[in-house]
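Below is one structure, written out as structure tokens; comments come after it.
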Amino acid sequence: MKLYLHIIIIFNFLCSNVIFSQEENSKFYITDLRGDISLEIEINNLQSNNGPLYIRILDENENPVIVGTSSVINYSSKISFDSISPGKYAIQFFHDENENQKMDFSLIGIPKEKFGSSNDVKPVLGPPKFEKMLFNLTDNKKVIMTPVN
């Protein structure tokens, strides 16, 4: 069951509208959402500068609203999104160090690559609880995150 959930998460990453970026600090204008809030995400303490960081923002119903990538420079990554509507959101990321466009797992389902989520929710015997990742976004915000593994 855990493997099935991991496959669904990876599939969502790969099949959503991915926005690729090669700049240190990327800024995207998401016109589909038509909101006026900006969200800046900074992820620190990564293990290497190899490969991109995959980031997705989900609404409170676990629907991906924004999916993007950012390069890793000096063991950190910064990405900004504009035009977000107010609401409850969760952020998930993983660092694809080997650039195979998927999150790698051990034979028993433990992630091999660095990952994390908003509110720095740590997994306990399975993926982190989505409800604990949610945060209110009502004004422009900067979120600083670190990997949990």
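The values are calculated or read from the model by the stated rules, or taken from the named source; none is laboratory data. Keep in mind that what you see is a predicted model, and the values were worked out from it rather than measured. For neighbour counting, all protein chains shown are included, and Cβ atoms are generated from backbone atoms with ideal geometry for every residue, glycine included. Accessible surface is based on the protein model in full, side chains and every heavy atom, while ligands, DNA and RNA are left aside. Shrake-Rupley method; radii C 1.70, N 1.55, O 1.52, S 1.80 Å.
The residues of segment 34-72 that are closer than 15 Å to Leu134 by Cα and either charged (D, E, K, R) or open to solvent by 50 Å² or more (accessible area, probe 1.4 Å) (or both), listed by number, are Arg56, Asp59, Glu60, Asn61, Glu62, Asn63, Pro64. When segment 112-132 is filtered for residues that are closer than 23 Å to Thr69 by Cβ, free of Cβ contacts under 8 Å to residues at least 60 places away in the same chain and not aromatic (Phe, Trp, Tyr), the ones remaining, listed by number, are Lys112, Glu113, Ser117, Ser118, Asn119, Asp120, Val121, Pro123, Pro128. Being open to solvent by less than 30 Å² (accessible area, probe 1.4 Å) and without any contact (Cβ under 8 Å) to a residue 24 or more places away in the chain is the requirement here; does Asp96 meet it? For Asp96, the condition - open to solvent by less than 30 Å² (accessible area, probe 1.4 Å) and without any contact (Cβ under 8 Å) to a residue 24 or more places away in the chain - is not met. All of Val148, Val143 fail the test of being part of a strand (DSSP E or B) and either of a type in the set (A, V, I, L, M, F, W, C) or in contact with a Lys or Arg (Cβ under 9 Å, 6 or more places away or on another chain) (or both), apart from Val143.
Here are some conditions: (1) open to solvent by less than 20 Å² (accessible area, probe 1.4 Å); (2) outside any strand (DSSP E or B). Ser77 meets all but one. Which one does it not meet? Every listed condition holds for Ser77 apart from (2). Of all residues in segment 99-127, those being buried (at least 19 other Cβ atoms within 10 Å of the Cβ) and touching a Gly at 6+ places or on another chain (Cβ under 9 Å) number 1.
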